[in-house]
Amino acid sequence: MTRTYNIAIDGPAGAGKSTIARAIAARLGFVYVDTGAMYRAMGLYFDRRGIPMDDEEKIRGACPEIEISIRYRDGIQRVLLNGEDVSDQIRTEEVGHLASACSVYACVRQKLLNLQKQLAATSDVVMDGRDIGTCVLPDAQTKIYLTASAGVRAGRRQKELEEKGQFRSLEELTKEILDRDERDMNREIAPLVQAPDAVYLDTSDMAVEEVVEAVIAEAKKRGLKDPGDKMPL
């Protein structure tokens with residue numbers, strides 16, 4: 001049986017992980033696994049069942065009922081919750097809060113860990129997050145630790161917000177990012193840390209295309225064969 005090829009991308013908030021992961025997946029014809037969307041689908045399920053986010057016992061009991069998968073239709077990622085396409089429903093701010101609330105439970109993280117491992121075992125994937133190379137895909141052929149300076153990450157976030165008509169000071173956003181780094185790196189379950197065999201890549205002065213090429217170059221060094229140009233950047 002031919003082993004699938006997995007690329008794991010970890011790093012702090014605002015490092016550009018999702019943007020880079022999507023571009024690489026499109027370039028290689030791999031599946032991009034949006035782990036954040038999976039947590040949102042979990043939160044949506046609990047909410048539909050009327051399970052309070054502070055009731056760990058009921059959340060634990062409901063986890064076996066949940067099946068989440070990611071499919072691509074016409075090049076667009078779709079998230080399926082027990083066979084139902086919930087891609088649009090999970091993108092509300094309310095569901096985002098539910099995802100954050102339920103992600104603190106070990107039972108939820110374990111459930112998604114199993115699903116993510118299944119995806120990686122059956123498909124060539126690019127997966128991004130904060131514990132992919134260390135916990136989810138410790139055997140991934142290519143691991144990248146993607147980062148940038150706090151100031152650059154705050155500037156990227158500020159630009160995203162401005163495009164949505166929201167305005168925040170760079171100082172405030174920088175503080176929030178540093179606070180987030182502190183929480184992510186010191187949380188009890190699956191803290192953010194660079195895997196020993198991950199390639200450290202600082203994107204502070206790099207364009208998206210440069211980062212994508214750098215990651216693919218590293219993957220070629222680690223056995224990726226003939227990725228080709230299946231889709232332009």
| Quick one: is A15 hydrophobic (A, V, I, L, M, F, W, C), crowded, with 17+ Cβ neighbours inside 10 Å, touching a strand residue (DSSP E or B) at 6+ places or on another chain (Cβ under 6 Å) and within 17 Å of N114 (Cα to Cα)? | no
| query | When you look at S69, is it small (G, A, S), over 30 Å from K225 (Cα atoms) and either surrounded by fewer than 20 Cβ atoms within 10 Å (Cβ to Cβ) or touching a strand residue (DSSP E or B) at 6+ places or on another chain (Cβ under 9 Å) (or both), yes or no? | reply | no
| The one condition in (1) modelled with pLDDT of 95 or more; (2) loosely packed, with under 11 Cβ neighbours inside 10 Å; (3) of a type outside the set (D, E, K, R) that A62 fails to fulfil | (2)
| query | So which of L161, L178, L192 ends up being in the same structural domain as A13 (by TED's automatic domain parsing), closer than 20 Å to T19 by Cβ and touching a residue at least 24 places away in the same chain (Cβ under 8 Å)? | reply | L192
| message | Let me spell it out: the conditions are (1) more than 14 Å from Y39 (Cβ to Cβ); (2) in contact (Cβ under 8 Å) with a residue 60 or more places away in the chain, and R109 meets all of them except one. Which number is the exception? | response | (1)
| said: Give me the residue from segment 72-84 that is among the charged types (D, E, K, R) and over 12 Å from A37 (Cβ atoms) and, out of that set, surrounded by the most Cβ atoms within 10 Å (Cβ to Cβ). | reply: E84
| What residue, of D88, D131, D55, D74, is in contact with a strand residue (DSSP E or B) (Cβ under 9 Å, 6 or more places away or on another chain) and acidic (D, E)? | D131
| field | Scope segment 91-104; condition under 14 Å from the mean Cα position of the chain (by Cα) and either more than 30 Å from K164 (Cβ to Cβ) or not in a helix (DSSP H, G or I) (or both); matching residues | value | S103
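The values are calculated or read from the model by the stated rules, or taken from the named source; none is laboratory data. This structure is a prediction, so every number in the text was calculated from the model and none was measured. Glycine gets a Cβ as well: all are built from the backbone with ideal geometry, and neighbour counts include every protein chain shown.
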